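Since the structure comes first, as C-alpha cells, the remarks are kept for the end.
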Amino acid sequence: MSEGAVDTARLLLQLEIDQLNAAYAAALDERRFEDWPVFFVPEGSYRLQARENFDRGLPLALMALESQGMMKDRVYGITQTIYHVPYYTRHVVGPAQVLAQDGDRVKTQAHYAVFRTRPGDSSEVFNVGRYIDEIVRTPDGLKFASRLCVYDSEMVLNSLIYPI
Amino acid sequence: MSEGAVDTARLLLQLEIDQLNAAYAAALDERRFEDWPVFFVPEGSYRLQARENFDRGLPLALMALESQGMMKDRVYGITQTIYHVPYYTRHVVGPAQVLAQDGDRVKTQAHYAVFRTRPGDSSEVFNVGRYIDEIVRTPDGLKFASRLCVYDSEMVLNSLIYPI
Amino acid sequence: MSEGAVDTARLLLQLEIDQLNAAYAAALDERRFEDWPVFFVPEGSYRLQARENFDRGLPLALMALESQGMMKDRVYGITQTIYHVPYYTRHVVGPAQVLAQDGDRVKTQAHYAVFRTRPGDSSEVFNVGRYIDEIVRTPDGLKFASRLCVYDSEMVLNSLIYPI
C-alpha cells in the first residue's frame, strides 16, 4: 500500500472502532437489548470484572458470558424474568486506543462512564471503567470477539442488571 | 468519486460533526451564550425533552425554540432578566453516530453528559442524555437545522437555565 | 500539497491529538505515574488552575510544574512520600478542538471528566474541566509543551493527589 493508503486505512479503522462503541452504547441505552448479543461473534465473550481483581490477575468476574447464546439467555433474564426496578443508562465513551493489530484482529481499549437514572430521581454516576476488547472483522462488519469491562468500584450496586 | 475519495469524505464528515459538537459545548461552557444561536440555521429548532415523553411519542417538551430569533430571546433572558444563581457547566460529548445522510443533510446522534458546578460547591452530574440532530451544510460550515436534547431524568432541576 | 493530502493531514493530526489524550488518560488511570512526565517535552509545563482564577486572568494556580524534572519530583512525592488514601481515577475526555496551528506547534483544548473511586466506595465525579494545551511534534511523536488543566470547582478536594 502507498503511504496515503496506509494513513487512510488507519483512519478508517479508528472510525469504525469508535462507531462500534457508539452503536453498542446506543443499543443498550435505548433498551434494544436483543441487539446486544449481535455486537459479538457467535463464540464471543462478555465479562464484567472489578478492577481490584483484574489488576491482581485474579480470575473472579462478576459476570462471564462465553457465547452469544449465553448473552441471549441473559437478555431473556433481563427483559422477562429478573425482578428489578427498571432504570435508564447513559454511556459516554472516549475515543478507543488501538493497542495491537494482527490482520483482521485488533486489540483496543476505551474509557467509559455509565450514568443511571431511576424513575423520579436525578441522574447519577453508576459505573466507570475501561473496556478491553478484541475486535474482529467479519462480513457483517466489526464484531467483538471479547469485551472485558473492568470497572473501578468494587462496591457493585445490587442493581447492576443491564450490560455495561 | 473514487473509493479513496468516498472514504475521505466520510472521515471528513465525521470530523466536522464531532468538531461542531465540541465547538457548541465549548461556547456554552465558556459562557459565550451569544454564540449559541449561531450554531443553528435561522429557521433552526432547539428542543429539550424528557426521555419519558420522547420514548412514548408524546409532544410535550420542556423547551421548544423554533427559530434563531427565539434562541436570541432566550439568551437575553438568561443573561439579562432571569433571576438565578449562576453555575458552571461542563459538557463531555461522545463521538456522533451518522444515522442517515441525504445530500447536504445529515441525521446524527451523540451521547452527552453535562456536569454542573455551583459557586463554592463540588461538581456534580447535572443532565445526561442524547442529542438527536439534523445538520445541514451551509456556506458558513455545518449548522443545526434541529437539535433535540433528550435527557434521561424526568426530575428536572429547577435551575436548568442554560442551554444543554 | 494537493487538497486530498491537506485533508488527510488534518484527519491524521486530529487522530494523533485524540490518541495522545487517550494515552495520557490511560497512563494515569492505570497508575503508570512514571510514564506521566514522558508525555511532555523536557522543558514542558503542567499547571492546574481553578476556572475562577483563569477566567479573571489571575495567575494563581493550585500547581505549576515548569519542567519534566519537577514532574518527576511530583511523581516521587505521589508514589513514595505523600501520605494519602489511594484512590482510582477514570478520565473520560471528549474530542479535542484544534484552535491554532503554527508549523509543528498546535494549540488545542478538550473537555474532561475525572471520576474517583475510593476503596470500598462507589465512583463519584471528582474533577471536571478543560485541558488547554500546546502540543509539539518531536521525533518521539506528539508531546505537550504545556498542559493547563482548568477545573470548574473552586472547592478543591483535599485529596487531589494524582495529576489530572
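What to note about this one:
- Among C:Thr108, C:Thr81, C:Thr117, the residue with the largest mean-square fluctuation in a Gaussian network model of chain C, with springs joining Cα atoms closer than 10 Å, is C:Thr81.
- Inter-copy spacing of B:Pro86 label points, which lie 7 Å from Cα along Cα→Cβ, given in nm from shortest upward: 4.2, 4.2
- C-alpha center-to-center spacing [the range A:14-66, the range B:57-81] in angstrom: 39 Å
- Cα gyration tensor category, rounded, prolate or oblate, for the protein assembly as shown with a/c compared to 1.5: rounded
- Label 7 Å beyond Cα on the Cβ vector: C:Asn53 copy-to-copy distances, nm: 4.3, 4.3
- Computed over neighbours whose Cβ is under 15 Å from that of A:Ile82, the net charge equals +2, Lys and Arg +1, Asp and Glu -1.
- From its DSSP helices (H runs of at least four residues, each -39,500 (n - 2.57)), chain C gives a residue-normalised ellipticity at 222 nm of -8000 deg cm²/dmol.
- Structure remark: mean-square fluctuation, Gaussian network model of chain A, C-alpha springs under 10 Å; the largest value among A:Asn53, A:Asn21, A:Asn127 belongs to A:Asn53.
- Relative contact order, percent, chain B [alpha-carbon distance under 8 Å, six or more residues apart]: 24 percent
- Where chymotrypsin sites (Phe, Trp or Tyr not before Pro) fall in DSSP loop in the range B:68-164, at most 14 other Cβ within 10 Å: B:Tyr83
- Inter-label distance, nm, simple model (7 Å from Cα along the C-beta direction), B:Asp121/B:Met155: 1.3 nm
- Inter-probe distance in nm under a simple model that places probes 7 Å from Cα toward Cβ, at A:Thr79 and B:Leu60: 2.8 nm
- Take B:Glu3, move 7 Å from Cα toward the beta carbon, and the resulting point lies 2.3, 2.3 nm from the same point in each other copy, nearest first.
- Of the trypsin sites (Lys or Arg not before Pro) found in the range B:1-103, the ones in coil according to DSSP and having at most 12 other Cβ atoms within 10 Å of their Cβ are B:Arg32, B:Arg56.
- A cut-off under 9 angstrom between Cβ atoms defines the neighbours of C:Val128, and their net charge, with Lys, Arg +1 and Asp, Glu -1, is +1.
- Shape call, the range C:14-98: gyration tensor on alpha carbons, a/c limit 1.5: rounded
- Shape of chain C, Cα gyration tensor, a/c cut at 1.5: prolate
- Percentage relative contact order, the range B:1-95, counting C-alpha pairs under 8 Å, at least six apart: 29 percent
- Radius 12 Å from Cβ of A:Ala64, net charge of other residues (Lys, Arg +1; Asp, Glu -1): +2
Every number in this text was worked out from the coordinates using simple rules, so none of it is lab data. Keep in mind that what you see is a predicted model, and the values were worked out from it rather than measured. Note that each Cβ is placed from the backbone with ideal geometry, even for glycine, and that neighbours are counted across all protein chains shown.
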